[in-house]
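Engineer: Below is one structure. I have some questions about it.
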Amino acid sequence: MSVDALIRDRYYQKQMRILVVDDNSGVRTIIQHWLARSGWKFVLTADGNEGVKQYLEQGPFDVVLTDVYHPGLDGLQLSKTIRGANDKQVIVVFSGGMSKAYTRSFQNLGIPILLRPIDMRRLVPFIARSVRHSAEN
């Protein structure tokens with residue numbers, strides 16, 4: 001999809017709410033910048049347990065964006081817990097790398113994986129495409 005087509009895409013333009021789970025404060029700050037720049041709302045958490053708590057209190061979200069490895073529930077456990085509460089929840093995982101078993105587990109759950117280093121200019125379009133894909137299936 002071209003950048004012009006993406007900008008016209010209703011999922012890109014939508015006022016999305018996103019739950020972000022990552023224990024790296026620098027990464028959270030950068031993600032916060034790019035999501036805010038897109039006009040999207042977000043909740044930031046530093047661990048999986050807090051992520052589930054925020055999801056149950058404030059969810060569902062348009063997207064849950066999680067790292068794989070963080071304190072508390074890891075990204076896979078977090079994803080399974082959230083999908084247990086809402087099997088339609090769109091989840092996107094990002095990671096600098098993970099085992100083949102984790103990769104297969106995320107793929108089996110239909111969760112797209114964005115590998116680090118993340119080009120933040122790709123983050124917002126990747127999220128929008130993930131939401132659109134989920135809505136179309």
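Engineer: From the backbone phi of segment 41-50, what are the Karplus-calculated ³J(HN,Hα) couplings (6.51 cos²θ - 1.76 cosθ + 1.60, θ = phi - 60°) in whole Hz, Gly and Pro given as x?
Structural biologist: 8, 7, 10, 9, 9, 9, 8, x, 5, 5
Engineer: Related question: Under a plain spin-label model, where a point goes 7 Å from the Cα along Cα-to-Cβ, how far apart in nm are ARG17 and MET120?
Structural biologist: My value for the distance between the label points is 2.5 nm.
Engineer: Which FRET efficiency, nearest 0.05, do ILE113 and TYR69 yield, Cβ-Cβ r, R0 22 Å?
Structural biologist: Result of the calculation: an efficiency of 0.95.
Engineer: Calculate, for GLN58 and THR29, the FRET efficiency according to 1/(1 + (r/R0)^6) with r their C-beta to C-beta distance and R0 22 Å; round to the nearest 0.05.
Structural biologist: 0.60
Engineer: When the Kirkwood radius is taken over all Cα pairs of segment 26-92, what Stokes-Einstein diffusion coefficient follows at 10 °C and 1.306 mPa s, in µm²/s?
Structural biologist: 130 µm²/s
Engineer: While we're here: Place a point 7 Å from Cα of ALA135 in the direction of its Cβ. Which residues in segment 15-52 have their backbone N less than 11 Å from it?
Structural biologist: Flagged as within label range: 15-16.
Engineer: Taking just the C-alpha trace of segment 63-120, give me its Rg and Dmax in Å.
Structural biologist: Cα only, segment 63-120: 10.7, 31 Å (Rg, Dmax).
Engineer: Continuing with this model, one more query. Note the full-extension length gain between SER105 and ARG83 as 0.36 nm times their separation in residues minus their Cα-Cα distance, in nm to one decimal.
Structural biologist: Extending this stretch completely gives an extra 6.6 nm.
Engineer: Another one. Scan around VAL43 for amide H atoms under 5 Å from its own, H built in the peptide plane at 1.01 Å from N, and keep only partners 5 or more places away or cross-chain.
Structural biologist: Under 5 Å from the amide H of VAL43 lie the amide H atoms of ILE18, LEU19, VAL20, each far enough along the sequence or on another chain.
Engineer: Also, I was wondering about something else. If all Cα-Cα distances of segment 10-137 are sorted into 5 Å bins from 0 onward, what percent lands in each bin, rounded to whole numbers?
Structural biologist: Bins of 5 Å from zero give 2, 11, 24, 26, 23, 12, 2, 0 percent of pairs.
Engineer: Using only Cα atoms, what Kirkwood radius does segment 89-137 have, in angstroms?
Structural biologist: 11.4 Å
Bear in mind these aren't lab numbers, they're just calculated from the coordinates by the rules spelled out. Being a predicted model, the structure only gives us computed values, none of them experimental. Heads up, the Cβs are rebuilt from the backbone with ideal geometry, glycines too, and the neighbour counts pull from every protein chain shown.
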